[in-house]
1. Taking R0 as 22 Å, what's the FRET efficiency between B:LYS99 and A:THR324 from their Cβ-Cβ distance, rounded to 0.05?
2. Can you give me the relative contact order of chain A as a percent, contacts being Cα pairs under 8 Å and 6 or more apart?
3. Return the sequence-ordered ³J(HN,Hα) values of segment A:64-79 in whole Hz as given by the Karplus equation 6.51 cos²θ - 1.76 cosθ + 1.60 applied to θ = phi - 60°, using x for Gly and Pro.
4. Once the mean 1/r over all distinct Cα pairs of segment A:129-172 is inverted, what Kirkwood radius in angstroms do you read off?
5. Taking the Cα centroid of segment B:186-218 and of segment A:36-100, what is the distance between the two, rounded to the nearest whole Å?
6. Give me the one-decimal Kirkwood hydrodynamic radius in Å for the protein assembly as shown, with the sum taken over alpha-carbon pairs.
7. When only alpha-carbon atoms count, how far does segment B:165-207 stretch along each of its three principal axes, as whole angstroms with the largest first?
8. Can you give me the convex hull volume of the Cα atoms of segment B:37-92, divided per residue and expressed in Å³?
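Here, each number is a calculation from the coordinates, and none is a lab measurement. These numbers were taken from a predicted model, which means no experiment stands behind them. Every residue, glycine among them, receives a Cβ derived from its backbone with ideal geometry; neighbour counts consider all protein chains shown.
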Amino acid sequence: MTFIITQFMSMKIKGFSIILAFFQFFFLGEKLALAGRENFGLGPLEIRPQFLVNQPFLGMSPENTLTLKNGESRLSFGIEIANTFVNTQGPTEQITKKETARGLTLTDFLDKDGNTVNGFSLYLDAESKRKKVKYRYGLTDSLEFKFELPFVSFDGGIMDSTIESVHSMIGISNFKKGGAYRALSERNRYDYYVVKDGQFIFASSKQIFNVRGEPNMDLKWNLSEGGKVMPAASLKLSYKFANTDRSGEQKLIRSGGVDWGHYLILSKGFDNWIVYFGDGQTRIGNSHGFASSLFHRFMSMEYRFSEEDSFVFQTVSQSSIFPTSSASSRSSKGESQEQRNSNLSVPTSVSAFGYKFLSSSFFWETGIVQDYNNFGNETDFVFFWEMGVHW
Amino acid sequence: MKLLLKLSLITASMLIFTFTGWCNDDSVIYLALQNGNQDTGSPAPLVGRKDTYLSALEEIHGDLKENRDVSPIILSFDFYKTNGSFASGFGLEVHSYNKSYSFENDSSSVRLSAVGLLYGLNFYYRGDFWFPFIGFGTGNYSVKVQEELNLEGSKTFGTVFGQVDKPFFYKLGVRIPLNGIGIVLTQQYTSADIMVATENKPLSLGGTASFFGLYYTF
């Protein structure tokens, strides 16, 4: 017994000492001389919500308070690869490999007693690849213009087996809620089904590649650089143009309406650390039965290794694209599907880690995003990457 | 013997890498683990309000057998920039707790599990032997509420997920440094009410809390 306790303590101490050693060396960086710009860093990770159902609408991304100077330009290209899997019929095993192979119908989305389910039901199994071309220009020393054009693909992807393996490795069963019932479905298959009150809103198993999305433009105004006590502050306004051509699968990428959004962003520097906080709202012009406005908030912590590169941790909260439904929240027959699906309309959060690099002429950013709430209204895992030139 | 050797090595490395004191303009990082008592039924003064979800169930199923206290585990990460006798900084905290409630009159029960990710600004005064601090901030709380209620002989079930996306907290406390590692005592007040859809009434996830823990300085 004593031997077991000693071994256990020894293992715990070893693990603890490794964590401490990691932090100790991680934070041994040289102090930076950022005189006069103490509240500016390289900025938060500029990653928008990647959930499939959010894709046609304006997605606000966190951003730096700092703007390009008058006449400066930055041209960049990026890709965001997101793996999404949601099966609201998973607990009752109503949608498995067999049903997806024959093609899903509305009867697959009835509850286990054959009744229509009030509210939303989902079967989403996809990998989205959102490529984007971005151009920024400094209109004045404190006013920046940005134009962004996305090209979106939805397919079966390649990440399913890796995600399932990671789940298994950390003790999450792919047959249960924690693993999103992934084991019931074929890997790397594409299906996109959204049902509301017993009717399909989206029903597609046809993969799409590089469909041009609706462009958006931003204006960012640096209101204040802050000081020793006050944070820097910027206001970002975003506008998404409408493309009314929503024929075929294009309706999964384009809303056909004009969307507006804003973010008020604050940043405060503490030597090598810069903290960012943003709060904003998006108003959706043509919601197609989804939420007509979204509230979002982010917090980023940037640790500057040097003047040119940083590590960023970020958390983003956003209200759900699914409005609150009329689903009953109590049942006399055990937990019902309507109850389970009510979590789709709850606000959710994701966390992100990433690395940023900026030299006088080159820009690079990469990172990952993980949904830690598993409410079914955010994408499971995102890998993103962006690089560009600056002149 | 092996364990003693490892303990000695770790203690030695902590002393070698230790924080050696406050200088005029420097930055400091703390990693802390805390635990304590949080009374979710005691609203945070000035910002909190009395919740009504559990009291509404009490009217039907009888008084709660348990009190409203929970014992969260808190892992926190803070960094500060010092300037003479004062320091300002930012902190990130992860709170996690579970609680089960039962009622006097029948076998109804409510289970609650909550995880909070809180962040905010902190301000320190540099004393000779202790560093008092105050702080405030926001973040989010995720919660799962599971009901199993007896109503006139039949059982009803309810599961509600939720997120409080605009909580507010403020705190005061003291850190007592002991050469690299140290003791932290915190009194924290949090307003974080989730609307439970089954009763359409608020349930407090915050309240008034006292925490005690250890920290390590980088």
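1. So, using R0 = 22 Å, E works out to roughly 0.25.
2. That works out to 19 percent.
3. With coefficients 6.51, -1.76 and 1.60, one gets 5, 6, 6, 10, 5, 7, 3, x, 6, 10, 9, 10, 9, 10, x, 9 Hz.
4. One over the average 1/r among Cα pairs gives 14.1 Å for segment A:129-172.
5. Their Cα centres are 30 Å away from one another.
6. 26.2
7. 51, 15, 14
8. 129
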